Every structure is written in structure tokens, then in C-alpha cells.
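Notes for the one structure printed next.
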Amino acid sequence: MTDHILGRRDFLATTAWAAASVPMARLAALETAFNNDHVPVVRVASDHVVRGRYIHAAVLNEMLDLTLTRLTGQDSAATAWRSLLRSDDLIGLKFNGSGAEALATNEMFADTVIASLLAAGYEERQIVAIEAPEKIYQRHGVMRPTRGWQLKPTDFGSGQDQLSAVLDQVTAIVNVPFLKTHNIAGITCSLKNLSHALVKHPARYHGNHCSPFIGDIVSLPQIRQKIRLNLVNALRVVFDKGPEPQSVYTWDAGMLLGGIDPVATDSSGLEIINSQRVVHGLKKIDPILAAVYLQEAAKRNIGVYRLHEIERIKLRI
């Protein structure tokens, strides 16, 4: 684990770093990043970015820039995006609408990510905002997702279901989940934001802590091969009684996590949740028992879940 503390005036000057610490996240390296024994997850935190429903836009933008540059080894957010995405990609920004109103961070988060993509040279017509607040379409002119489901069910091993038609629309996915506990899965973050949102009948796949369903669905090539980045919105974290936020169990964490490997980002997110649970005298969530889907997803070669296999790069601005 790497731990860095940066002043806000200094962080832009520190984007150059050793390639041995974190590999370049170019398209040719995406599959390697999914299977590397020490995959990077960048965690950027700020004490100034969130106060309940108020989000400091400038600080969030700095956090996103730093996440992108440190994860990819690029010298700017624009070149970082271009190392992750093709110039002709139709990019699906997959937000999470569940609990969004209570957490009140999705709108600002979407504004920041979309502005960053536009600044990198991508056009509004190349961005499909999925489960985004209504104001986002009006404000930015980005695309709406295709409604409905594919006609033919897809077999994913532990079941079969119709996949979302949006998977035929987009060529790349930038996954933007919340970080919350989940009363069945243990936690919900990058993986569940895709698995149970992109099938027609998600209620069928909650048995055994949602496992192996989460891993089986995300491992489908229609999903896995399109994942380019996971940007975890951990500005406000639900550390107990989730997935629906309750104010007493919602923590203004002020964090953003970035990783190519969705299993590693989930495991890193679980570490964050457990740190806050300890503060409140709550039992830690066990990644083997209560969040068993992490282990099963790793078995399907989607990514790694053991913390010693993850290079956790902690930054503060």
C-alpha cells in the first residue's frame, strides 16, 4: 500500500511516477490490469469537498484530475481519458440511481466527469448517461440510454436473462457507483452497479449474498470487455443498514476511488467501509462470508480481491 499526502497547490506537480508502481492504463493493457497480481486502485480524499448536500465543485474536479493521472501515469486528465478510451467510443457513464436523492452527490459528480470528458475532446453525442439525474441531460446535451432489453436471453452460467439494450448502444463503460453496505450482498459498489442494473430481472439473483450471480453477469464479454474505468463516488458513504441511505449511517467521507479492476475497487471500498464501522463499534464485513461475491468474482478472472494483491495509492488534497 502506498500512502501519500499532497497539498492542493502541489498535487499537479506530482503526476510523474514510477511505471513499476502502477502500469500505464492504455487499451492494450486493460486485460493485463484485470489479471495483474498487484493492480492499482487510487484513493483521493479531501476534507473540503463535501459537507452533507454541499459539494465543492473545484475540489472535486482536482480530485478527479489526480485520480485519472495517477492511475494512468499520464500528465493530464485529457491524456488519461484518451489512454483509456478510443476516440470513437460511445461511452456509457453508469451511475446508480438507488439512494441518489438522499446522498445528493450524483448531479455534481456527473457534471464533473462529463466536463472532464468534454475537455478531453469527446463530444456530447459520444456520452450516454445511464441512471443520471434528469438535469444532466438538459444541462449537457448528452445522450439518453436506449430503453428496453435485448430480445434473446443470455446464459451466464448460474442463470439466464435479457441484458439491457444499452449494451448494444455503448462501446465502453465508465462505471460510477456509490459505496454502500448492502443487506444481502454485504456491500454494493462497482460490480453490483453493473450486474444487477444490466439484467431485466435482478431480483432473481439475490440468493447466497448475490453470489455467484454478480461475478457471472459481469464476466459476460458484453459487459466485462467494455469496462474501461471504475470511478467510485465515495463522497458520502453508507457504512451500515444499506443500500438505502439513512442519515445516521451516512458518512461524509470525501473520497474518490479509481481503478480499472472492478473487484479491486470493491475490495478497496470494503476496506473504507470497515474502517468507519470500527469507529462506530460495528462488526467488520467479512469479504469471504458477508461479501462472498468478491471471492467468486475473482475466481472468474474479473479481478483481484485480496488487499495484498492491490496497490492502494492513498492521496489527500
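Read-outs throughout are calculated quantities, based only on the coordinates presented, and are distinct from any laboratory measurement. Values in this document were obtained by computation on a predicted structure and should not be read as measured data. Because the Cβ atoms are built from the backbone with ideal geometry, glycine has one as well, and the counts that use them run over all protein chains shown.
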Ordering of 296-309, 180-193, 256-269 by burial proxy (mean other Cβ atoms within 10 Å per residue, highest first): 256-269, 180-193, 296-309
Cα-projected label distance for Lys299 with Asp88, points at 7 Å along beta-carbon direction, nm: 4.0
Percent of alpha-carbon pairs separated by more than 13 Å within the stretch 62-131: 65
Cβ crowding within 10 Å averaged over residues, with 135-142, 237-244 ranked highest first: 237-244, 135-142
Around Cys210: net Lys/Arg minus Asp/Glu count, Cβ-Cβ under 10 Å: 0
Global form of the stretch 2-316, assessed from the alpha-carbon gyration tensor, a/c cut-off 1.5: rounded
Gyration tensor verdict on the stretch 171-267 (Cα atoms; rounded if a/c is under 1.5, prolate if a/b is larger than b/c, oblate otherwise): oblate
Tail fraction, Cα-Cα pairs, the stretch 262-317, threshold 18 Å, whole percent: 35
Residue order, fewest to most surrounding Cβ atoms within 10 angstrom, among Lys152, Lys226, Lys314, Lys94: Lys152, Lys314, Lys226, Lys94
Whole-Å distance, taken between Cα centres, linking the stretch 76-137 and the stretch 140-161: 19
Selection of GluC sites (Glu not before Pro), the stretch 81-132, meeting DSSP coil and at most 12 other Cβ within 10 Å: Glu123
Where N is the number of residues in the stretch 86-219, Cα Rg divided by 2.2 N^0.38 Å: 1.07
Efficiency of FRET between Asp252 and Thr154 - r from beta-carbon atoms, R0 41 angstrom, step 0.05: 0.55
